[in-house]
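Visitor: The structure under discussion is supplied below as C-alpha cells; questions concerning it will follow.
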Amino acid sequence: MAAPCVTNRATVSETVCETVSAPGADGFVVCACKGVRSCLLCEKGPTQTEPAQIVHHYEYDTVEKRAVCADGRAAPFALPGIFLWDDFITAQEEAELVSHMDQDTWTLSQSGRRKQDFGPKVNFKKKKVRVAHFSGLPALSRRLVERMQQDNTLCDFAPVEQCNLDYRPERGAHIEPHLDDSWLWGERLVTVNMLSDTTLTLSLPQGEAELQVAVPLRRRSLLVLSGPARHVWKHAIHRDHISQRRVCSTFRELSKEFLPGGAQAELGSQLLHTALSFSGEPL
C-alpha cells in the first residue's frame, strides 16, 4: 500500500512516573500515572527519545467510508469496521448525562484521565471475572441502549460494561494506542462522544513505518468499531486532539465464550442480567 504522504516523527517515550499525590486545583489527587504512562502533571524529568519513525497520514472519509491520504498523493483504501452516528444524543441529553456523571465520583486513571466504571472486575491476564460488586449499567443509559438497538448495526447489541472517561487539556489527558481485550469483550466497541469534537487515531505498523488514520468524532456523536478497525488497527486519542473538556461513554458487549453455547455462558447470562437492570453505581 503506497503512501507518500509522510512525516518523520521522533517518538518520545513517556516519562517513567511515580504517582503524584499532592492535591490539584480541582480538588483531586493530581496524578495516577504509573510505569511508562504519563501526563502533563508528572512529566518533569528528562525523557528519552526513540529513533524517528516514518508516519503515513490518512484521514477517514465518512461519506466514502475509506481512508484518504492527507496530501492526496497516495491512493485511498477501504477501512471496514467504522460506523459513525452524528447527533446520536441531543444537547439537553448531553447536559443531563454529564451532570449525573459529575454528581458521582470520578476516579483518577492513567495518562491524565479520570474514569467511572460500571462493569465486573476483570483480571485479563488470569482470565478471571468478579461479579460481586457489579450492580449494572447506570439508569440513564437505558434509553441510550434502546436507541442504539434501533439501528441495524446495533439491533442485537447488549452491553455488559460501561466506562466513562473524562479528558481535560490542562492534564494532558490522552489514551495510548491500544487494542481492547477480545477474551471477555465482544465484536463491537460503542462510544458516545460528549462536550467537544475530537479525533480518534487508528494506527497500523507497516514495515519500519506506521499508517495513521484520523477519524473525526463530532460532539454528541456515536462511534462503533468492529472487524479490522476493532481487532487489527490500534486506536488512540492523542493529547493534541483534546482542546477542551471531553467526556465519553464506551459500551462493551460479551464475546462468544460468554454467550449461549459458549464455555462460560452461565456467567455471561448473570453479567447481562445485572448489566441490563440499569441500576448501577460506579465501582
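The values are calculated or read from the model by the stated rules, or taken from the named source; none is laboratory data. Everything numeric in this text was worked out from a predicted model, so none of it was measured. Cβ sites come from the backbone with ideal geometry, for glycine too, and all protein chains shown count toward neighbours. Ligands, DNA and RNA are excluded from the accessible area calculation, which covers all protein heavy atoms including side chains. Shrake-Rupley method; radii C 1.70, N 1.55, O 1.52, S 1.80 Å.
Visitor: Could you calculate the contour length gain from Glu176 to Thr105, that is, 0.36 nm times the residue separation minus the distance between their Cα atoms, to one decimal place in nm?
Guide: 23.2 nm
Visitor: While we're looking at this one, here's another question. Between Arg130 and Glu146, what is the label-point separation in nm under the 7 Å Cα-to-beta-carbon projection?
Guide: 3.4 nm
Visitor: With θ set to phi - 60° and the Karplus curve 6.51 cos²θ - 1.76 cosθ + 1.60, what are the ³J(HN,Hα) couplings of region 147-162 in order, to the nearest whole Hz, using x for Gly and Pro?
Guide: So the J values, rounded to whole Hz, are 5, 3, 5, 7, 9, 4, 5, 10, 4, 10, 6, 10, x, 10, 8, 9.
Visitor: For Gly186, which sequence-distant residues (separation of 5 or more, or a different chain) have an amide H within less than 5 Å of its own amide H, given hydrogens modelled in the peptide plane?
Guide: Close amide H contacts, sequence-distant or interchain: Glu253, Leu254, Ser255.
Visitor: List, in order, the whole-Hz ³J(HN,Hα) value for each residue of region 91-108 obtained from phi through the Karplus relation with A = 6.51, B = -1.76, C = 1.60 and θ = phi - 60°; use x for Gly and Pro.
Guide: Computed from phi, the couplings for region 91-108 are 4, 5, 5, 4, 4, 5, 4, 5, 4, 5, 4, 6, 7, 8, 7, 8, 9, 4 Hz.
Visitor: Each residue of region 180-195 in turn: what ³J(HN,Hα) in whole Hz from Karplus with 6.51, -1.76, 1.60 and θ = phi - 60°, glycine and Pro shown as x?
Guide: These are the phi-based 3J(HN,Hα) values: 6, 3, 10, 6, 8, 7, x, 5, 10, 10, 10, 10, 9, 9, 10, 6 Hz.
Visitor: For Leu200, what residues show an amide H to amide H distance below 5 Å, using hydrogens built from the backbone and excluding near sequence neighbours?
Guide: Val215, Leu217
Visitor: With the chain treated as a Gaussian network of Cα nodes joined by springs under 10 Å, which of Ser99, Ser255, Ser269 yields the largest mean-square fluctuation?
Guide: Maximum among the listed residues: Ser99.
Visitor: Let me ask something else. Over 31 Å between C-alpha atoms is what I'm after, so list which of Lys65/Lys126; Lys126/Lys234; Lys34/Lys128 land there.
Guide: Lys65/Lys126
Visitor: Take Lys234 and Asp156, extend 7 Å from each Cα along the Cα→Cβ direction, and tell me the distance between the two endpoints in nm.
Guide: With each label point 7 Å from Cα toward Cβ, the separation is 3.2 nm.
Visitor: Among rounded, prolate and oblate, which fits region 93-158 when a ≥ b ≥ c are the square roots of the eigenvalues of its C-alpha gyration tensor, a/c under 1.5 means rounded, and a/b larger than b/c means prolate?
Guide: In terms of gyration-tensor shape, oblate.
Visitor: Per the 1.4 Å probe, what fraction of the accessible area of the chain, in percent, lies on carbon and sulfur atoms? Show your work: numbers first, answer last.
Guide: On the way: 7190 of 14060 Å².
So the carbon and sulfur contribution to the accessible surface is 51 percent.
Visitor: Return one whole number: the accessible area per residue of region 110-157 in Å², for a 1.4 Å probe.
Guide: 56 Å²
Visitor: What longest region of the chain stays clear of GluC sites (Glu not before Pro) that DSSP places outside H, G, I, E and B and that have at most 13 other Cβ atoms within 10 Å?
Guide: Counting only loop sites that pass the neighbour cut-off, the longest clear stretch is 65-207.
Visitor: 5 Å is the cut-off here: which amide hydrogens, built 1.01 Å from N in the peptide plane, fall below it relative to Cys31, excluding neighbours closer than 5 in sequence?
Guide: Residues meeting the amide H criterion: Val20.
Visitor: Per DSSP H run of n ≥ 4, the term is -39500 (n - 2.57); total these for the chain, divide by its residue number, and report the mean residue ellipticity at 222 nm rounded to 500 deg cm²/dmol.
Guide: It lands at -3500 deg cm²/dmol.
Visitor: Excluding the sites themselves, what is the longest stretch of the chain that contains no trypsin sites (Lys or Arg not before Pro) in a DSSP loop with at most 11 other C-beta atoms within 10 Å? Could you put the intermediate results ahead of the total?
Guide: Working: sites that count: Lys44, Arg73, Lys125, Lys126.
Maximal segment without exposed cleavage sites: 127-283.
Visitor: Moving on to the next point. Given Leu276, Ser255, Leu217, which one lies farthest toward the positive end of the charge dipole of region 131-283, if we put +1 on the Cβ of every Lys and Arg and -1 on the Cβ of every Asp and Glu?
Guide: With unit charges placed on the Cβ atoms, the residue in question is Leu217.
Visitor: Does region 138-265 come out rounded, prolate or oblate, given a ≥ b ≥ c as the square roots of the eigenvalues of its C-alpha gyration tensor, rounded meaning a/c under 1.5 and, failing that, prolate meaning a/b above b/c?
Guide: oblate
Visitor: Which semi-axis lengths, in whole Å and largest first, follow from the square roots of five times the eigenvalues of the Cα gyration tensor of region 229-283?
Guide: Result for region 229-283: semi-axes of 31, 19, 6 Å.
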